[in-house]
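A short worksheet on the structure shown next.
The values are calculated or read from the model by the stated rules, or taken from the named source; none is laboratory data. Every value quoted in this text rests on a predicted model; they were computed, and no experiment measured them. A quick note on method: Cβ atoms are made from the backbone with ideal geometry, for glycine too, and the neighbour counts reach across all protein chains shown. Just so you know, the surface numbers come from the protein's heavy atoms only, side chains and all, with ligands and any DNA or RNA stripped out. Shrake-Rupley method; radii C 1.70, N 1.55, O 1.52, S 1.80 Å.
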Amino acid sequence: AAEHFYGIDRNGVCALNLRQLGYGVNSPGANSIHEPVDMPQIIGRHHQVTANGVRKIVEIHASTIDVDARFILFLIIHDVTQSVEAEQARVSIEGDYKKLFDNLAAGFAVHEIIVDAHNVPVDYRFLAVNPYFETMLGVSRHEMLGRTVKEVFPDIEEKWVQMYGKVALTGQTLITEDYSQALGRYYNVIAYSAQPTQFAVIAQDVLDVKNKERDLAEREDQLNKIFENTRAGLILLNKRLEIVRMNTAGYDLASRNK
């Protein structure tokens, strides 16, 4: 295994001292197998380039043996390159996800559901929220994290607890658009469960959109009333001069001219 690790045969390994093997220790024993070495410099994690030029990360466990006044250093070397690189990748990915979490242009929050003795949802607790979620609800994360929704928003409607409880307990994804009287806002919501008893919410405040839709609907209704109730005959034609729509007066006029 040592031959394979260093990329040279055992005779070649045995001909090298510790510094030549890549440990870079500063003691007399670095150049001789007959003198003590500074053990703390050897034990632990090291970056090492093997004889065939491959960069490795190793963890070394070492002990010393004194046999007939001969100093023997016993090393166990673990190649931890893959596990260290995997951990570094994980940390990097987590950093990327945190950036996404913090800069997402939508409210994102993670919660845990709270149930009673009969496993019926009665509340939920805030575990993590992003800045947009704070802005959307008008409450800072310090006021939410670790607290329940009924502590933060005592008037919250029960429907939210039950909807999210179903997501957390069954794993079913929820996509809905609903109004919260307690918050005075209209939300577009996607909720899903990443692990049992927890659920994540991606939400956007769509109250302004809903207000614009309502205003457009009201204007359309007003125009329809004007169109239908005016005494003048109104007929709408398309580019092919086909009748698309006419009001009552227009229908009466067309009937008289048949």
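Against the definition (touching a Lys or Arg at 6+ places or on another chain (Cβ under 7 Å), within 17 Å of Asp123 (Cβ to Cβ) and open to solvent by less than 90 Å² (accessible area, probe 1.4 Å)), how does Thr148 come out, yes or no? Yes: the conditions hold for Thr148.
Scanning the stretch 152-183 for residues that are open to solvent by 70 Å² or more (accessible area, probe 1.4 Å) and either touching a Lys or Arg at 6+ places or on another chain (Cβ under 9 Å) or assigned to a strand (DSSP E or B) (or both) returns Gln172, Ile175, Glu177, Tyr179. Contact map, the stretch 62-79: residues that are under 20 Å from Ala2 (Cα atoms) and of a type in the set (A, V, I, L, M, F, W, C) paired with residues that are open to solvent by less than 70 Å² (accessible area, probe 1.4 Å) and part of a loop (DSSP other than H, G, I, E, B), Cβ distance under 7 Å, separation 6+ or inter-chain. Pairs shown: Leu73/Val37. Of the residues making up the stretch 209-231, those that are open to solvent by 100 Å² or more (accessible area, probe 1.4 Å), of a type in the set (Lys, Arg) and assigned to a helix (DSSP H, G or I) are Lys212, Arg214, Arg219, Lys225.
Close Cβ contacts (under 6 Å, 6 or more residues apart or on different chains) running from residues in the stretch 237-258 that are assigned to a helix (DSSP H, G or I) and of a type in the set (Gly, Ala, Ser) to residues that are modelled with pLDDT under 85 and open to solvent by 80 Å² or more (accessible area, probe 1.4 Å) comprise Ala249/Arg231. Restrict the check to the stretch 189-199 and report whether at least one residue is open to solvent by less than 80 Å² (accessible area, probe 1.4 Å), farther than 20 Å from Arg125 by Cα, part of a strand (DSSP E or B) and free of Cβ contacts under 8 Å to residues at least 60 places away in the same chain. Looking for residues that are open to solvent by less than 80 Å² (accessible area, probe 1.4 Å), farther than 20 Å from Arg125 by Cα, part of a strand (DSSP E or B) and free of Cβ contacts under 8 Å to residues at least 60 places away in the same chain, one finds none in the stretch 189-199, hence no.
One residue stands out among those in the stretch 79-120 that are of a type in the set (Asp, Glu) and closer than 27 Å to Glu59 by Cβ: the one that is modelled with the highest pLDDT, which is Asp79.
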